[in-house]
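For reference, the structure is listed below as structure tokens.
Nothing in this text is a laboratory measurement; each read-out follows from the coordinates by a stated rule. Nothing here was measured: the structure is a model prediction, and the numbers come from that model. We place every Cβ from the backbone using ideal geometry, glycine too, and count neighbours over all the protein chains shown.
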Amino acid sequence: MTYRIAVCVSGGGSNLQALIDRLRGDATARVVLVMSDRADAGGLERARKDGIPAEVLADPADASEWITRLGRRDADLLVLAGYLKLVPAGVVQTYRGRIVNVHPALLPDFGGAGMYGKRVHAAVLASGARESGPTVHLVDEAYDRGAILAQRRVPVLPDDTPERLAARVLEEEHRLLPEVVLAAARAGRPVPLGVTP
Ligand code: GRF
């Protein structure tokens, strides 16, 4: 049976695109819904191009709206791919253990409220860390705090800017997120990468 993925985006949606591309021609999993808190999110356009329902949340703080939309598409998994707002607690409760987020740094460091976009990479550079890389984790009621499912490491280079580091991390995100989603599809729920249930 095909595992049904809903993806939530606030921005350009390159992770969404990587997921769509990786799942093309693979019956294991399929993106069945893309939602956004912003009508102008590039990710919505990417979804439409692929014939995937693209929906704008009228009230991103309203759990019942999320639950209705997810239920209508029979979503098995909710993927936050560059979704910048907090997911309402009612959604976390209803879909506990079935929501994952991709974060562009090695959690538990460099996460939490306000840690998104360039700020994350600037903080990594300011810390003097020699490595960074994406984390995919389960979502709970707090930003970037849920159980870590997978991480990838990339070097921080001496002449890095936040932009250059972001681009290097993003390339790894595009590989890591589809892997985690496919592992979840095979297991029937998100699992740490490399763990066979
Ligand atoms: C990614 O770096 C992701 O880790 C972060 O926001 C960015 C989204 O990029 N949460 P995109 O919209 O997938 O291109």
Expected sort for 161-174, 2-15, 117-130 on mean C-beta neighbours within 10 Å, highest first, is 2-15, 161-174, 117-130
Under 12 Å by backbone N from the virtual spin label 7 Å along Cα-to-Cβ at ASP109, the residues of the range 121-141 are 123-133
With a Förster distance of 25 angstrom and the Cβ-Cβ distance between VAL154 and ASP21, calculated FRET efficiency to the nearest 0.05 equals 0.75
Checked the range 1-71 against the a/c 1.5 cut and the a/b vs b/c comparison, axes a ≥ b ≥ c from its Cα gyration tensor; verdict oblate
Per the 1/(1 + (r/R0)^6) rule, R0 = 35 Å and r from the Cβ atoms of GLU171 and SER64, FRET efficiency to 0.05 is 0.40
Taking Cα pairs closer than 8 Å and at least 6 residues apart, the relative contact order of the chain in percent is 20 percent
If one compares the long axis through the Cα atoms of helix 162-187 with the longest principal axis of the Cα atoms of the chain, the angle in degrees, nearest 10, works out at 40 degrees
Checking rank on 136-143, 57-64, with mean other Cβ inside 10 Å and highest first, the result is 136-143, 57-64
Long-range share for the chain, i.e. C-alpha pairs more than 26 Å apart as a percent of all pairs, stands at 27 percent
